[in-house]
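This report refers to the structure that appears directly beneath it.
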Amino acid sequence: MTYDETLSYIYNIAPMFQSIGAGAYKEGLANTHTLDQHFGHPHRRYRTIHVAGTNGKGSVSHTLAAIMQLAGLRVGLYTSPHMLDFRERIRVNGEPIPEQRVVDFVAQEREFFEPLYPSFFELTTALAFLYFAEQQVDVAIIEVGLGGRLDCTNIVRPDLSIITNISYDHTQFLGNTLQQIAREKAGIIKDGVPVVIGQTGLQAAQTKAQRQEAEQVREVFMGTARAHHSDIRLADEEPWVVASEFNQDGTQTYALASGSRLAGQLGGIYQRHNTSTLLCAIDALMQQDYYAELLTSHPTALSYGMSHVAELTGLQGRWQTLAASPLTVCDAAHNPAGIAAIAEQLMIVPQQSVHLVFGMVNDKDIRTSTQALKPLLDAKSVHFYVTQPSSARAMQTHKMQDILAETLTLEAATLPCFSSLGEAYEAARSNAAEADIIVITGSCYLVADALATLPQQRK
């Protein structure tokens, strides 16, 4: 089979969550252990760092991989979903797994795995762990797919566990309260393995109910760490980043509690929290001789990795600039917390007129997500272009229009619908002045559409 034929086979024998949602989810680790045993437990042949969380885990994983790579390590990076090509999920020192290795894996192993009826993620994880062993990586940064406790990446015993934050997403699998979701994420905490928590929510709590909920989340993490005799660090309770400012080129500069400054390539107001999580994780790794020696002997790894993460690891879709005039950015926000962060971001940009190209998939909490845009409508002139990502899970445009109209109290006439991202973007570009901003968001898959098609359109 060719590479394209192989991907078609994988997507059909093991439909991916990216395409069909809940129907692709398999609970439990039975298949994972069977596949792992078949391949000789490859993940035991290299060090790992395990990263979970509702939002931010991709940015943290990629940036950590960039830093480790610059510290002289051969680094595997396993993330999801992919934007344009399946191979983005599995990288070594930033290079995607070769097409031929994917083809050979299926050709050589299909007789074994077909009777198991594995999920797409189970199969992909097995390939990633095997490939990292074949490539003799020193360390692999492993991003959790969904949740933590029952995620098939959770067979690793890492040097460090990281949980970026907790918010509402995938509630049909993880629970309907933040406390329940936290318990699932905390499932990656292992006996004696240190853990860094990025945000518990306590620092951002504004009401008594929010504070009570955040305290419950904090106790889930603290209690789980105690039960596993794991040293725990709470990044948002330690003074890491004290201020951040945006530069004209879309990058950020962070003022640290230490008095130094650090440049970050990734845009997005939420990167301040991710940077605090990252710095706390680096500090935790510095307590281990292996990493302390490497990072001490490569003093520029942190700063250069932060400022060149996209080139080093291929990260895309995080407040990424697509065009300069009018300024056009895309961001893979796809749940209430992510879209709230987008709204907060747009509140502070200098542009007063926002052209929002928006679409979501139908198994997200769309009403809560769209409600997060309300403060933005009060502060700026917002023009909507309703569309849908090219995914079987896409919310149809007229349904998206109805929800936006209801949650934001808008007339349907102010929410024009477009059958594709391309059409929506062209309409936005036609209406936008040079001093305006166009933002494409609401779904990772809509951002993938933008990355695949818009570079050829922008002038």
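Key figures for this structure:
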read-out: Single match in 95, 88 (criterion: free of Cβ contacts under 8 Å to residues at least 40 places away in the same chain, open to solvent by 10 Å² or more (accessible area, probe 1.4 Å) and acidic (Asp, Glu)); value: 95
read-out: Elements of type strands (runs of 3 or more DSSP E) in the range 322-434, at least 3 residues being more than 23 Å from the chain's Cα centre (by Cα); value: 353-358, 381-386
read-out: Residue in the range 443-455 that is part of a loop (DSSP other than H, G, I, E, B), in contact (Cβ under 8 Å) with a residue 24 or more places away in the chain and more than 23 Å from residue 325 (Cβ to Cβ) present; value: yes
read-out: Whichever residue in the range 412-450 is more than 22 Å from residue 364 (Cα to Cα) and touching a helix residue (DSSP H, G or I) at 6+ places or on another chain (Cβ under 7 Å) and, among such residues, is most open to solvent (accessible area, probe 1.4 Å); value: 422
read-out: Single unsatisfied condition, residue 182 versus (1) over 15 Å from residue 32 (Cα atoms); (2) surrounded by fewer than 17 Cβ atoms within 10 Å (Cβ to Cβ); value: (2)
read-out: Any hit, the range 187-195, residues being open to solvent by less than 10 Å² (accessible area, probe 1.4 Å) and in contact with a helix residue (DSSP H, G or I) (Cβ under 9 Å, 6 or more places away or on another chain); value: yes
read-out: Condition broken by residue 26, with the remaining ones in (1) at pLDDT 95 or above; (2) more than 19 Å from the chain's Cα centre (by Cα) satisfied; value: (1)
read-out: Positions within the range 4-18 being over 15 Å from residue 84 (Cα atoms), assigned to a helix (DSSP H, G or I) and modelled with pLDDT under 75, in sequence order; value: 17
read-out: Single match in 290, 304 (criterion: assigned to a helix (DSSP H, G or I), open to solvent by 50 Å² or more (accessible area, probe 1.4 Å), in contact with a Lys or Arg (Cβ under 9 Å, 6 or more places away or on another chain) and under 30 Å from residue 47 (Cα atoms)); value: 290
read-out: Residue match in the range 122-134 (condition: open to solvent by less than 20 Å² (accessible area, probe 1.4 Å) and assigned to a loop (DSSP other than H, G, I, E, B)); value: no
read-out: The range 235-263 residues that are on the phi > 0 side of the Ramachandran plot, paired with ones that are open to solvent by less than 80 Å² (accessible area, probe 1.4 Å) and in a strand (DSSP E or B) (beta carbon under 7 Å, 6 or more apart); value: 250/321
read-out: Total residues in the range 135-153, condition modelled with pLDDT of 95 or more and open to solvent by 20 Å² or more (accessible area, probe 1.4 Å); value: 3
read-out: Residue list for the range 270-282, restricted to those being within 23 Å of residue 350 (Cα to Cα) and crowded, with 23+ Cβ neighbours inside 10 Å; value: 270, 271, 273
read-out: Matching entry among 62, 38, 82, 33 (being of a type outside the set (A, V, I, L, M, F, W, C) and at pLDDT below 95); value: 82
read-out: Conditions (1) crowded, with 24+ Cβ neighbours inside 10 Å; (2) under 16 Å from the mean Cα position of the chain (by Cα): number failed by residue 82; value: (1)
read-out: Within the range 331-388, considering residues that are acidic (Asp, Glu) and open to solvent by 40 Å² or more (accessible area, probe 1.4 Å), the one farthest from residue 200 (Cα to Cα); value: 378
read-out: Hits in the range 94-121 - residues which are at pLDDT below 95 and either in a loop (DSSP other than H, G, I, E, B) or within 26 Å of residue 182 (Cα to Cα) (or both); value: 117, 118, 119, 120, 121
read-out: Residues of the range 270-318 that turn out to be among the polar types (S, T, N, Q), in contact (Cβ under 8 Å) with a residue 40 or more places away in the chain and more than 30 Å from residue 447 (Cβ to Cβ), as a count; value: 4
read-out: Verdict on residue 200 being of a type in the set (S, T, N, Q) and open to solvent by less than 20 Å² (accessible area, probe 1.4 Å); value: yes
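The values are calculated or read from the model by the stated rules, or taken from the named source; none is laboratory data. Fair warning: this is a prediction, and the values are worked out from it, not measured in the lab. Glycine gets a Cβ as well: all are built from the backbone with ideal geometry, and neighbour counts include every protein chain shown. Note: areas computed on protein heavy atoms with side chains; ligands, DNA, RNA excluded. Shrake-Rupley method; radii C 1.70, N 1.55, O 1.52, S 1.80 Å.
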